[in-house]
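Scroll down for the structure; my scribbles are underneath it.
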Amino acid sequence: MNIAANPVIEADQTVYLKDYQKPSYLVDSIHLDIQVYDDHSLVKSKLVMQRQAAGDLVLLGRDLELQSITLNGKTLTNEQYQLDAEQLVIANTPDLVELNIEVLIHPESNTQLEGLYQAADNLYVTQNEPEGFRKITFYPDRPDVLSVFTTRVEADKKFPVLLANGNLIEAGEAGEGRHYTVWQDPTKKPSYLFACVIGDLAVLKDRYTTSEGSDVALEIYAEAKDIPKCHIAMEALKHSMRWDEEHYGRPYDLDNYMIVATSAFNMGAMENKGLNIFNTSCVLADEEYTTDAAIMRVQSVIAHEYFHNWTGNRITCRDWFQLCLKEGLTVFRDQSFSEDLQSAAVQRIDDVAVLKSHQFPEDSGPLSHPPRPDHFVEINNFYTATVYEKGAEINRMMATLLGKEKFRQGTDEYFKRHDGQAVTVEDWVAALSAGSGVDLSAFLIWYNQPGTPKLQAQGEYDAANQSYRLSLKQSLKAHAKYPNLKAVPIPVALALFDAETGEQLVLNAEALFENGVKDGVYLFDQNEASIEFTGLKAAPVVSLLRSFSAPVNLEFNYSDEQLAFLLQYETNGFNQWQAAQTLLERILLNGHNAQTYLDAIQKTLPFVIAKDPLLASRLFDVPTEGYLGSRIDQDYNPIVLNEAREALLNTLARELGGFVKETYLSLDPIAQKEFSQAMGVRALKNIMLSLLARQGDSEVFDLAYEQYQNTGNMSERLGALKVLVWNDSPQAQEVLQDFYTRFKDEALSLDQWFMIQAAHPKATAESIAYLTSHADYDLAVPNRIRSVSGGLNANPVNTWSFGVQHFIDLAKYLDEKNPIVGSRLLQVLSRWYTLAEPQRSQVKAELEALKSQVKSKNVSETLNSMLSI
Ligand code: ARG
Ligand code: ZN
């Protein structure tokens, strides 16, 4: 008999958008009773349900120990339902159902940080988006089932804080040293927005009066020692509340708004209704302990989660394919908020830098997917740069096209139509179109197809006719899974400059109107088109995609001199930066001479420094190796790129000569009144310090040491520490030890200590092993893992040598312990296929070998996609 082994064919676990079906039952109300004990928790639930479509009653549940279940008062026996690892199904149920269910769960040993989990000795929290609620109890755990939640939380009195969403309606003794609270959330919500917190935390309180005159209690919960670090977040919260009233007409709707900080959190933060749960890294902000960048991030994440109250909570997603509906819109809103906090040009630069260094590479590789995916295995894998950042760009394009007033009419219509509903991307675009009176339906194409469009532009000056013709062409790289790629609408914001004087040209209004250019924006929505500008006495210099008006790769045959011209004369700060970036990219990737850039930067800098030091600091941004690597599609050799980049930085340092030290010594952050100005001065100062080190300045280590010791500001301290450590200065060990002693009990600061060492340009497998075996390294805390992994990955030479094993080992370990984070970290290796041989084959073999060693849907799906190229 032939006994050749049959391959095990796993059931296809893929979920498709096209298969969406309404749930058979809606939940009118849910009463939850969560009792936390040291070695288990007991969850009792009462669901009142009503049929809305034919079909079995389906409750989703994972890792639950079912104790009992009754339906309309009668206990169900095992034969009366079907239970497997993912769901509990009851057939032939009546139209009105009351279910009472009791389950046991184990938050105390939940390392995946999903569902209810013990985050610290003194803290239990929840994370239920997207599918964590099913790890708390059996429920139709999908975003299109909205219900009124009443929650009783009971625990030992060693946990004085017992929180859930909504209003506190009762509290009392539960006997045996225990107590309880009962909370009722008046707004219907999907289960992913449910939260509860059981802990021993301190609280910072404040109040806010909405535009409608109602009074809101604001509370931020954190460790007692961290309460002084919660003031910036509190101010940002109040600021966000005002901002949403003023810009979108959206006041807050509950009597309280609570934020709880925990250091054990997979992501940044979570917008649970009225009870946000935050990674400490996105709440705690204090110049002494956290960097300027972290302070900016705290403010933007506070705003992001707050803005979700309308875009996400009041109006939610019909299904998880629509994730970018709430995330793309909310990111666009938080980016706009942040543009009001600092130099708007720099905010745009920073947002585009993230887009280009994360989303563009993602979208050009094996993990590429449309902003609204049409299938997935594990939805947790789709909290991506494409869904968030490209999603935000789509909204920005529509907002740019509409202008402020019409965009507001559109969003007003959206809130009017869909408040209280779970909707789709189509609903959003339809409401925006109806409210503004502009048909935006073509923008749906952006949501539905992957890839970064290439925008090729060409300019031709006709001296006889005194006209300039700009020709545009768009294309997308062919994609096996999406054969019918269509042209997308691309708003091209543009300006023309006088090549002699550097002045922006005032253009002939009539001709512009005929060409479809309105308020400086041309909507390019064909495969090819051209615009003619008339009345030009000489060839102009054109500046395209001002403020990055569309997420595309622009190709325009600028000469280096024209780019230098734009760096100097463009009044749009973003395009000034972009001109510098393009010049630098040409030097690094195409071997152009650096002189044009050097001349331009020396001419421009003094003016920019005087006006906007933060923008000036960004003009020194030399594209990261990670970003440059993503521009290389084959035979990528990280060592060659690293050497080119080092050489350029050394040239820059040398050519700037005495300017570097002069500037360093002249900058004084203390003299700045505004935080954003001081932040700019600090950024610039740190850049000058590192250039000084490249100059081999004999004093540089003394200056750095002085800066390290004499500051109370984390950005200054870290800037100095970096220079001392990365250059192996005589003071390196002393300052590292000093930093450790100062901050060993401050997790976020200590993360920086790990990060700086991991990012040492000459890091080795051994130096990384020293960090990962350090007593303060902790695989249960994602922030700590990310500090070392992120530091290591700052240098692709290291990532693609000993780093490969580091990331594979992490994926293997986290596959079981924390698959959400494991899957993310593995994605660092997704561009393996671009490497030059023999590295390419070596990494491929290691990834192939990993396949049989991982089980989670998260890591397996990522690995399969990565290898499917
Ligand atoms: N909705 C949260 C936010 O954008 C993020 C939740 C991410 N959760 C996850 N499992 N990936 O603010
Ligand atoms: Zn969000």
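The values are calculated or read from the model by the stated rules, or taken from the named source; none is laboratory data. Remember, predicted model here, so these are calculated numbers, not experimental data. Because the Cβ atoms are built from the backbone with ideal geometry, glycine has one as well, and the counts that use them run over all protein chains shown. Accessible surface areas use protein heavy atoms only, side chains included; no ligands, DNA or RNA. Shrake-Rupley method; radii C 1.70, N 1.55, O 1.52, S 1.80 Å.
Once all protein chains are placed together, Tyr81 keeps about 40 Å² accessible to a 1.4 angstrom probe.
Arg408 sits among other residues whose Cβ lies under 13 Å from its own Cβ, and their net charge, with Lys and Arg +1 and Asp and Glu -1, is -1. Computed about the Cα centre, the dipole magnitude for segment 268-343 is approximately 520 debye when only Lys and Arg (+1) and Asp and Glu (-1) carry charge, each at its Cβ.
Sorting the segments 59-70, 818-829 by their residues' average number of neighbouring beta-carbon atoms within 10 angstrom, most packed first, yields 818-829, 59-70.
Once you've got the Cα coordinates, tell me which of Lys22/Lys416; Lys611/Lys673; Lys189/Lys326; Lys356/Lys762 are over 19 Å apart. Long pairs (Cα-Cα over 19 Å): Lys22/Lys416; Lys356/Lys762. Of the chymotrypsin sites (Phe, Trp or Tyr not before Pro) found in segment 374-403, not one falls in a DSSP loop while having at most 13 other beta-carbon atoms within 10 Å. In summary, the lysines within cross-link reach of Lys855, defined as a Cα separation below 21 angstrom excluding same-chain residues under 8 places away, comprise Lys135, Lys812, Lys817, Lys844. With a simple spin-label model that places each label point 7 Å from the Cα along the Cα-to-Cβ direction, the separation between Ala610 and Leu168 comes to 5.7 nm. Available extension along the chain between Asp702 and Glu65 is 223.1 nm, counting 0.36 nm per residue and deducting the alpha carbon span.
Rank-order 218-231, 717-730, 768-781 by packing density, defined as the average count of other C-beta atoms within 10 Å over each peptide's residues, highest first.
Values: 218-231: 19.3, 717-730: 21.0, 768-781: 14.9.
So the order, starting with the most tightly packed, is 717-730, 218-231, 768-781.
Under the rule a/c < 1.5 gives rounded, and otherwise a/b versus b/c splits prolate from oblate, where does segment 724-793 land using the Cα gyration tensor? Taking the square roots of the gyration eigenvalues as a ≥ b ≥ c, segment 724-793 is oblate. Solvent-accessible area per residue in segment 216-320 equals 24 Å², computed with a 1.4 angstrom probe and all protein chains kept. Work out the charge dipole of the chain with +1 on the Cβ of Lys and Arg and -1 on the Cβ of Asp and Glu about the Cα centre, then indicate which of Phe278, Leu42, Gln359 is farthest towards its positive end. Result: Gln359. Here the Karplus relation 6.51 cos²θ - 1.76 cosθ + 1.60, evaluated at θ = phi - 60°, turns the backbone of segment 784-791 into coupling constants of 6, 4, 5, 5, 6, 5, x, x Hz, with x for every Gly and Pro. Phi-derived couplings, Karplus 6.51 cos²θ - 1.76 cosθ + 1.60 at θ = phi - 60°, listed residue by residue for segment 371-383: x, 10, x, 10, 7, 7, 9, 10, 4, 4, 6, 10, 8 Hz, with x used for Gly and Pro.
Using a Förster radius of 35 Å, what is the FRET efficiency between Asn527 and Tyr461 based on their Cβ-Cβ separation? Nearest 0.05, please. Write down the numbers at each step before the final one.
Numbers: r = 24 Å, r/R0 = 0.69.
Given R0 = 35 Å and the Cβ-Cβ separation, E is 0.90.
Could you calculate the FRET efficiency of Asn100 with Ala53 from 1/(1 + (r/R0)^6), where r is the beta carbon distance between them and R0 is 22 Å, rounded to 0.05?
0.40
Under a 5 Å amide H cut-off, with hydrogens placed 1.01 Å from N, Gln87 pairs with Gly61 among residues at least 5 apart or on other chains.
Given a Förster distance of 56 Å, report the FRET efficiency between Ala85 and Ala671 from their Cβ-Cβ distance, rounded to the nearest 0.05.
The pair Ala85/Ala671 has a calculated efficiency of 0.35.
Each principal axis of segment 554-651 carries a Cα extent, and these read 42, 27, 21 Å when sorted largest first.
For the chain, the longest principal axis of the C-alpha atoms and the axis of helix 732-743 are separated by about 40°.
Where in segment 508-532 is the amide nitrogen less than 12 Å from a point lying 7 Å along the Cα-to-Cβ axis of Ser471? Output list for this probe position: 528-531. Residues whose amide H lies under 5 Å from that of Leu835, counting only those 5 or more places away or on a different chain, are Tyr636; hydrogens are built 1.01 Å from N in the peptide plane.
Computed from point charges on the beta carbon alone (+1 for Lys and Arg, -1 for Asp and Glu), the dipole magnitude for the chain about its Cα centre is near 940 Debye. What does the charge add up to near Phe332, with Lys and Arg as +1, Asp and Glu as -1, over the other residues with Cβ less than 9 Å from its Cβ? Spelling it out: positives minus negatives among the neighbours equals 0. Which aspartates and glutamates have a Cα less than 19 Å from the Cα of Lys157, not counting those fewer than 8 places away in the same chain? Qualifying aspartates and glutamates at Cα under 19 Å: Asp33, Asp38, Asp39, Glu108, Asp121, Glu170, Glu173, Glu176, Asp200, Glu223. Distance between the 7 Å Cα→Cβ label points at Tyr20 and Glu643: 5.3 nm.
Given the -39500 (n - 2.57) contribution per DSSP H run of 4+ residues, what per-residue ellipticity at 222 nm results for the chain, rounded to the nearest 500 deg cm²/dmol? Please list the in-between numbers first.
Working: 28 runs with 343 residues, N = 869.
When only DSSP H runs of four or more count, the value is -12500 deg cm²/dmol.
For the chain, averaging the sequence separation of C-alpha pairs within contact (under 8 Å, six or more residues apart) and dividing by the residue count gives a relative contact order of 8 percent.
Can you list the equivalent-ellipsoid semi-axes of the chain, largest first and in whole Å, using the square root of 5 times each Cα gyration tensor eigenvalue? Before the final figure, lay out each step's value.
Working: eigenvalues 410, 219, 160 Å².
Semi-axes, largest first: 45, 33, 28 Å.
Positive contributions from Lys and Arg (+1) and negative ones from Asp and Glu (-1), summed over other residues with Cβ under 9 Å from the Cβ of Cys282, come out at 0. Couplings for segment 144-150, taken from phi via the Karplus curve 6.51 cos²θ - 1.76 cosθ + 1.60 with θ = phi - 60°, read 8, 10, 10, 8, 8, 9, 10 Hz in order; Gly and Pro are left as x. Close amide H pairs (under 5 Å, H built 1.01 Å from N) link Ala119 with Tyr124, Val125, residues at least 5 positions away or on another chain.
Is the shape of segment 140-211 best called rounded, prolate or oblate, per the rule: a/c under 1.5 gives rounded, else a/b larger than b/c gives prolate, else oblate, with a ≥ b ≥ c the square roots of the Cα gyration tensor eigenvalues?
Numbers: a/c = 2.15, a/b = 1.32, b/c = 1.62.
Since a/c reaches 1.5 but b/c is at least a/b, the shape of segment 140-211 is classed as oblate.
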